[in-house]
Amino acid sequence: MRLLNPGPVTLTPRVRDALAGPDLCHREPEFFDMQDRIRARLLAVYDNDGATWAPVLISGSGTSAVEAMIASLPGPNDKLLVIENGVYGERMTRMAEVHGIAHVAWHLAWGQAIDDRQLAKMIQAHAPTHVAVVHHETTTGRLNDIAAIAAVCETRGVALLVDAVSSFGAEAIAFAPAVSAVAATANKCLHGAPGAAFVIVRHSALADATTRALYLDLAGYAAKQAERGTPFTPGIPAFYGLDAALAEHAEAGGWPVRRTHYRALADQVGDGLAARGITEIVAREAVSCVLRSYRLPSGVSYARLHDHLKQAGFVIYAGQGALADDIFRISTMGDLDTRDMAELLAAFDEIIAP
């Protein structure tokens with residue numbers, strides 16, 4: 001089965017084999033050697049300096065990393081402005097609510113672009129200490145302009161928290177001066193397995209971190225891992241997979257090569273579907289390389305399309321919320337190539353043929 005959903009992804013044989021690594025105690029040097037290697041490789045993905053940035057590993061989904069970032073970095077007297085233009089921005093607002101963080105939600109239509117001037121006005125009106133934004137909103141495929149958002153935050157002395165769960169490892173990420181932390185996961189653009197997530201966070205931000213949760217205490221993880229320790233039992237198979245995936249990622253040429261590959265596959269699908277009368281809902285200049293959203297073919301429900309494509313060996317993804325009955329989504333992450341996309345388009349012909 002080839003997974004065209006936005007994570008988990010179709011694994012390479014190398015990563016799949018790594019998941020079956022030897023039994024290992026998480027208090028032994030062999031585990032800490034692997035943990036140190038993963039942390040160094042995570043910094044290397046975007047050439048970040050360990051003197052400035054701490055890579056913090058967490059056993060959990062990408063959401064666990066985002067929640068650790070949100071729960072830990074705004075202090076008790078701070079205020080968070082959450083930019084919402086999709087489901088995952090809205091999820092960060094819910095995190096702020098759960099953890100009792102003073103916050104303001106700036107709600108935009110799903111897929112709407114974030115206007116720099118409006119962001120500046122929101123900061124001026126609400127005086128937040130932190131802004132949180134999703135880099136790639138898989139709700140629609142919208143890629144938010146992190147560099148431009150960071151520039152606005154820097155001008156106004158506001159810290160930026162970035163959910164890069166669906167972009168880390170394939171899109172350019174601006175680790176600009178205003179960026180305090182970037183949260184991501186193993187099982188998307190890095191092609192690891194579910195169960196390992198991480199936050200790349202400034203040491204200066206960790207120094208002022210707050211503890212609002214036991215398991216998601218970002219500073220606690222960082223302190224233990226810096227000393228070759230771990231506060232809790234980690235998902236060791238997922239760590240094995242991430243270690244192998246990061247090695248594979250670097251050997252293949254890193255995020256620029258992965259972005260080019262994803263984009264070529266996405267264009268192949270997008271062009272092929274357009275020729276079949278199926279349109280994209282976000283303009284290509286604004287969409288990520290990772291995922292695109294399409295209008296459902298006339299007279300074909302999502303359930304029917306999904307089941308037909310699954311029979312052909314592909315798993316696609318539904319729209320969410322108000323878009324559930326109107327769109328479908330296709331991601332080109334994972335161990336996929338042009339032959340897979342050609343087979344996918346042939347499967348579409350079988351269901352939309354007159």
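Roll a 1.4 angstrom probe over the protein heavy atoms and tell me the percent of accessible area of the range 187-309 that is carbon or sulfur.
Details: 2720 of 4970 Å².
Taking all protein chains in place, the range 187-309 shows 55 percent carbon and sulfur surface.
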### Query
What spacing in nm lies between the two simple spin-label points modelled at Glu154 and Thr338, each 7 Å away from Cα in the Cβ direction?
3.9 nm
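What full-extension length gain, to one decimal in nm, is calculated for Ala176 and Ala286 as 0.36 nm per residue of separation minus the Cα-Cα distance?
Gain in length upon complete extension: 37.5 nm.
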### Query
Just Glu171, Glu251, Glu280 to compare: in a GNM of the chain, with alpha carbon springs under 10 Å, which one fluctuates most?
Glu251
### Query
Quick one: how many Å² of Trp255 are accessible to a 1.4 Å probe, rounded to 10?
50 Å²
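Grab the Cα-Cα distance for Glu251 and Ala303, subtract it from 0.36 nm times how many residues apart they are, and report the gain in nm with one decimal.
Working it through step by step, the gained length comes to 14.8 nm.
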### Message
So if I take the centroid of the Cα atoms in the range 72-119 and the same for the range 242-298, what is the distance between those two points in Å?
### Response
27 Å
### Task
Extending each Cα 7 Å along its Cβ direction at Val98 and Phe232, get the distance between those two points in nm, one decimal.
1.2 nm
### Query
For the range 173-293, what is the convex hull volume of the alpha-carbon atoms per residue, in Å³?
155 Å³
### Summary
Along the range 212-228, Karplus-curve 3J(HN,Hα) (6.51, -1.76, 1.60; θ = phi - 60°) to the nearest Hz, with x for Gly and Pro, reads 10, 9, 6, 6, 9, 7, 4, 5, x, 4, 4, 5, 5, 5, 5, 9, 6
### Summary
Here FRET efficiency (C-beta to C-beta, Ala223 to Asp116, R₀ 35 Å, nearest 0.05) is 0.45
### Message
From the phi angles alone, apply the Karplus equation (6.51, -1.76, 1.60; θ = phi - 60°) to the range 14-24 and give each ³J(HN,Hα) in whole Hz, x where the residue is Gly or Pro.
### Response
4, 6, 4, 5, 5, 4, 9, x, x, 4, 8
### Tyr317 long-range amide H proximity, modeled H, under 5 Å
Arg329
### Message
Under 8 Å for C-alpha pairs, at least 6 residues apart: give me the relative contact order for the chain, rounded to a whole percent.
### Response
24 percent
### Task
Give the shape of the range 56-113 as rounded, prolate or oblate, defined through the alpha-carbon gyration tensor: a ≥ b ≥ c are the square roots of its eigenvalues, a/c under 1.5 means rounded, and otherwise the shape is prolate if a/b is larger than b/c and oblate if not.
oblate
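Using alpha-carbon pairs under 8 Å, 6+ residues apart, how would you state the relative contact order of the range 108-226 in percent? Intermediate results must be reported in sequence, preceding the final value.
Values: 169 pairs, mean separation 21.0, N = 119.
So the answer I get is 18 percent.
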### Task
Using just the helices of the chain, give the 222 nm mean residue ellipticity in deg cm²/dmol: DSSP H runs with n ≥ 4 each add -39,500 (n - 2.57), and the total is spread over all residues, rounded to 500.
-12500 deg cm²/dmol
### Message
Using a 1.4 Å probe on the protein heavy atoms, what percent of the accessible area of the range 66-160 belongs to carbon and sulfur?
### Response
48 percent
### Task
Kindly state, to the nearest 0.05, the FRET efficiency for Asn77 paired with Asp47, given R0 = 22 Å and r defined as their beta-carbon distance.
0.05
### Message
Between Leu273, Leu24, Leu206, where does the largest GNM mean-square fluctuation fall for the chain, given springs only between Cα atoms within less than 10 Å?
### Response
Leu24
### Query
Just the Cα atoms of the range 272-354: what Rg and Dmax do they give in Å?
12.2, 33
### Task
For the range 327-333, just list the computed ³J(HN,Hα) in residue order, Karplus coefficients 6.51, -1.76 and 1.60, θ = phi - 60°, integers in Hz, with x standing in for Gly and Pro.
10, 9, 10, 10, 10, 10, 6
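Taking 35 Å as R0, compute the FRET efficiency from the Cβ-Cβ separation of His126 and Ala318 and round it to 0.05.
E(calc), rounded to 0.05, equals 0.55.
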### Message
As a test of reading the structure, rank Asp49, Asp337, Asp23, Asp243 by solvent-accessible area (1.4 Å probe, protein chains only), most first.
### Response
Asp23, Asp49, Asp337, Asp243
#### Entry: Range of Cα positions in the chain per principal axis (Å), largest first
63, 55, 32
### Query
Which value, in Å², gives the accessible area per residue of the chain when a 1.4 Å probe is used on the protein heavy atoms?
39 Å²
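The values are calculated or read from the model by the stated rules, or taken from the named source; none is laboratory data. These numbers come from a predicted model, not from an experiment. Please note: Cβ atoms are built from the backbone with ideal geometry, for glycine as well, and neighbour counts cover all protein chains shown. These accessible areas exclude ligands, DNA and RNA; they are computed on the full protein's heavy atoms, side chains included. Shrake-Rupley method; radii C 1.70, N 1.55, O 1.52, S 1.80 Å.
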